[in-house]
Amino acid sequence: MPRRLRPVGLDFLVTAPVRHVFTGEVSAPPETVFQALAVDVAQWPAWFTSVTRARPTRDGAGRAVHLQGGFRLLETILAADAPTRYVYRVDVSNAPGVRALVEEWHLTPTATGTRVRWTFAVEPRGLMRFLFRHGRRGLGKTFDASVRNLDRRLSGTKA
């Protein structure tokens with residue numbers, strides 16, 4: 001059953017009760033990585049391991065995302081500052097135990113490509129508090145695999 005989440009803003013990235021931050025490297029420049037994140041939304045399943053389907057909505061102001069396990073999300077884009085930052089909030093989800101959720105992708109140029117920083121900010125409820133507080137390792141594995149996939153995809157190399 002879909003649930004409407006609390007409509008939080010960019011400040012939630014700092015104030016969320018649970019925040020996980022991960023970093024990785026991609027050999028492509030920030031402009032190319034930003035394109036993959038913010039423009040080529042339908043291609044997320046090709047590199048982000050938990051996404052099975054994604055499409056832009058509301059003329060690019062939102063996204064509809066399907067995750068493994070049958071979870072569905074309707075999101076609002078909070079910031080799309082090319083080529084450095086892409087932020088979205090989950091507005092509606094069928095996943096239990098979440099009051100608010102915002103994710104930020106921050107891109108920084110490096111000598112060899114782009115440093116990717118992903119912030120996962122969530123306000124869980126009930127049992128999910130424990131799972132999200134202690135779920136850093138699982139989220140980190142998903143992030144690491146996804147960034148490796150994205151790097152291979154953008155550089156044109158095979159897995």
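The values are calculated or read from the model by the stated rules, or taken from the named source; none is laboratory data. As the structure is a prediction and not an experimental result, all values here were calculated from the model. Heads up, the Cβs are rebuilt from the backbone with ideal geometry, glycines too, and the neighbour counts pull from every protein chain shown. These accessible areas exclude ligands, DNA and RNA; they are computed on the full protein's heavy atoms, side chains included. Shrake-Rupley method; radii C 1.70, N 1.55, O 1.52, S 1.80 Å.
Descriptive notes on the structure:
- Residues that are small (G, A, S) and out of contact with any helix residue (DSSP H, G or I) (no Cβ under 6 Å at 6 or more places or on another chain) were ranked within region 1-35; the one that is surrounded by the fewest Cβ atoms within 10 Å (Cβ to Cβ) is G9.
- Residue in region 61-75 that is touching a helix residue (DSSP H, G or I) at 6+ places or on another chain (Cβ under 8 Å), surrounded by 15 or more Cβ atoms within 10 Å (Cβ to Cβ), modelled with pLDDT of 95 or more and part of a strand (DSSP E or B) present: yes
- A count restricted to region 112-125 and to residues that are open to solvent by 40 Å² or more (accessible area, probe 1.4 Å) and within 24 Å of D11 (Cβ to Cβ) stands at 3.
- Pairs where the first residue, in region 141-156, is open to solvent by less than 60 Å² (accessible area, probe 1.4 Å) and the second is assigned to a helix (DSSP H, G or I) and modelled with pLDDT of 95 or more, C-beta under 6 Å, 6+ apart: L154/T32
- Contacts under 6 angstrom Cβ, first residue in region 72-90 being farther than 16 Å from E31 by Cβ and touching a residue at least 24 places away in the same chain (Cβ under 8 Å), partner open to solvent by 60 Å² or more (accessible area, probe 1.4 Å) and assigned to a loop (DSSP other than H, G, I, E, B), 6 or more apart: L78/L10
- Applying the set (1) modelled with pLDDT of 95 or more; (2) in contact with a Gly (Cβ under 9 Å, 6 or more places away or on another chain); (3) not in a strand (DSSP E or B) to V102 leaves exactly one unmet item: (3).
- Subset of region 68-127 (residues that are within 17 Å of L150 (Cβ to Cβ), of a type in the set (D, E, K, R) and within 13 Å of the chain's Cα centre (by Cα)): R85, E103, E104, R117
- For region 1-60, a tally of residues being among the small types (G, A, S), touching a residue at least 24 places away in the same chain (Cβ under 8 Å) and part of a strand (DSSP E or B) returns 1.
- Checked against the criterion of being among the small types (G, A, S), under 20 Å from R117 (Cβ atoms) and modelled with pLDDT of 95 or more, region 16-26 has at least one qualifying residue.
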